[in-house]
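Coordinate-derived values only; no laboratory data. As the structure is a computational prediction, the values presented were derived from the model and not from experiment. So basically every Cβ, Gly included, is an ideal-geometry build from the backbone, and we count neighbours across all protein chains shown.
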Amino acid sequence: MQKIVVRQGDTVTLTLNLPAMLTPPLPPTALPLGTAGFRIEQHIACVPDDIESWVMSPVGYSTPAFPTAGTGRIEFKVPPANRAEYARASQGTTEVVVNGGPLDVDFTVGGPASNPSGTDTPGAVYRGTATLTCPRVRPVTAG
């Protein structure tokens, strides 16, 4: 099955399905980096490390148990369903990120959220997902 190649400037929307809520909620955010070595509609295509090395920090959060906001950082993981080989005639193949499903998200507590009787655990990790949005005039596919 052919899938759309992700490129610098495509957007990530966080859809965290966890007990933690981002405060304020983050709007869709453009991918800041593409290093695949080729362009799609004037934007550089993304390899998995472009997304996995991207850290959003500091990000505010709270939980039902700890309603006074704290901070943390968000890191992304590209699952196998979002990876594909892209063939380039003169350079062989390159592993690229494709829009084939959600990204995995780890939110790590830095400055813990709190309530009057305690705080969240610094270093605690909440897991969720993020959705890739890849607008295209003319789709370029891999896989």
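Test of understanding: express the Cα radius of gyration of the range 3-142 as a ratio to 2.2 N^0.38 Å, with N the residue count.
Details: Rg = 17.1 Å, N = 140, 2.2 N^0.38 = 14.4 Å.
Rounded to two decimals, the normalised Rg is 1.19.
Kindly list the residues of the range 32-68 that lie in the label zone of Ala124, defined by a backbone N under 13 Å from the point 7 Å along the Cα-to-C-beta vector.
61-68
Anyone know which of Gly92, Gly72, Gly128 comes out most mobile in the 10 Å Cα GNM of the chain?
In the Gaussian network model the winner is Gly92.
Report, in debye and to the nearest 20, how large the dipole of the chain comes out about its Cα centre when Lys and Arg carry +1 and Asp and Glu carry -1 on their Cβ. Walk me through the numbers on the way to the answer.
Details: 10 positive and 11 negative charges, 76 e Å.
Dipole magnitude for the chain comes out near 360 debye.
Using the Karplus curve 6.51 cos²θ - 1.76 cosθ + 1.60 with θ = phi - 60°, what ³J(HN,Hα) values do you get for each residue of the range 3-14, in whole Hz, with x for Gly and Pro?
10, 6, 6, 7, 9, 3, x, 5, 10, 10, 10, 6
So what's the net charge close to Asn99: Lys and Arg +1, Asp and Glu -1, counting the other residues with Cβ under 12 Å from its Cβ? Each step should come with its number before you reach the end.
Details: positive: Lys3, Arg7, Arg83, Arg136; negative: Asp10.
Charge balance near Asn99 sits at +3.
Can you tell me which of Ala45, Ala69, Ala84 moves the most in a GNM of the chain? Springs connect C-alpha atoms under 10 Å apart.
Ala69
Just to be sure I understand: with springs between alpha-carbon atoms less than 10 Å apart, which residue in Leu26, Leu132, Leu14 has the highest mean-square fluctuation in the Gaussian network model of the chain?
Result for the chain, Cα springs under 10 Å: Leu26 fluctuates most.
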